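Below: one structure, written as structure tokens.
The values are calculated or read from the model by the stated rules, or taken from the named source; none is laboratory data. Given the structure is predicted, the values throughout are model-derived calculations rather than measurements. Virtual Cβ from ideal backbone geometry, glycine too; neighbours counted across all protein chains shown.
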Amino acid sequence: MTGAPFTMDVELGKIREFAHATKSSNPDYLKTDVPVSPATFLASAAFWTGPENTPPLDEIGDVARILHGEQEFVFHGEPPRAGTRLVGQTRIGASYEKQGTRGGSMRFVELVTEFRTPEGRLVAESKSTAIVTGQVPTEGSATS
């Protein structure tokens, strides 16, 4: 299942704000010409998307039981610079289950967002893993 595409403009001010918010002193992020974005900057794509841009939650699981498990960024070249326009689209990648020790089974769902230029060149991928617990863990559950 795939969400609708969205457009994300990599803006100079937003790169600087992100660098300051993450307490980075890397001069490549603070240049006055055309700074490169920090590697984790693409996480801010969440501010450019709405429910229509994410695969349907019923494909993922009960929102009350979703945990963020992992985040990975893969670049196909350097991270985007200020002035770059990206077109992103999120899809469900791998999905599998494991037996948990406290909360029953856990479903792992990988969400992959591809970021491309308007011409279609792949710039980067963001891979996040959502963990959907089978039940709410209770206080004092066995951990074996």
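For residue 139, the conditions (1) at pLDDT below 85; (2) under 19 Å from the mean Cα position of the chain (by Cα); (3) farther than 30 Å from residue 13 by Cα; (4) exposed (fewer than 13 other Cβ atoms within 10 Å of the Cβ) all hold with the exception of (2).
Scanning region 41-88 for residues that are surrounded by fewer than 16 Cβ atoms within 10 Å (Cβ to Cβ) and in a helix (DSSP H, G or I) yields 43, 46, 47, 48, 51, 52, 57, 58, 59, 63, 64. If we keep just the residues of region 48-82 that are modelled with pLDDT under 90 and charged (D, E, K, R), which is nearest to residue 37 (Cα to Cα)? Step by step, filter region 48-82, then rank; the result is 52.
Just the residues that are within 22 Å of the chain's Cα centre (by Cα) and over 12 Å from residue 81 (Cβ atoms), please, taken from region 15-36. Those that are within 22 Å of the chain's Cα centre (by Cα) and over 12 Å from residue 81 (Cβ atoms): 16, 17, 18, 19, 20, 21, 22, 23, 24. Going through (1) loosely packed, with under 14 Cβ neighbours inside 10 Å; (2) in a loop (DSSP other than H, G, I, E, B) one by one, residue 38 falls short only on (1). For region 21-36, indicate whether the set of residues that are of a type in the set (S, T, N, Q) and touching a residue at least 24 places away in the same chain (Cβ under 8 Å) is non-empty. Looking through region 21-36, none of the residues is of a type in the set (S, T, N, Q) and touching a residue at least 24 places away in the same chain (Cβ under 8 Å).
Selection of region 109-122 for residues being over 15 Å from the mean Cα position of the chain (by Cα) and either outside any strand (DSSP E or B) or surrounded by 15 or more Cβ atoms within 10 Å (Cβ to Cβ) (or both) yields 117, 118, 119, 120, 121.
Within region 5-35, the residues that satisfy the criterion of being among the aliphatic types (A, V, I, L, M) and surrounded by fewer than 14 Cβ atoms within 10 Å (Cβ to Cβ) are 21, 30, 34. Looking at region 1-20 only, could you name the residues that are in a helix (DSSP H, G or I) and hydrophobic (A, V, I, L, M, F, W, C)? If the condition is that a residue be in a helix (DSSP H, G or I) and hydrophobic (A, V, I, L, M, F, W, C), then 12, 15, 18, 19 are the ones that fit.
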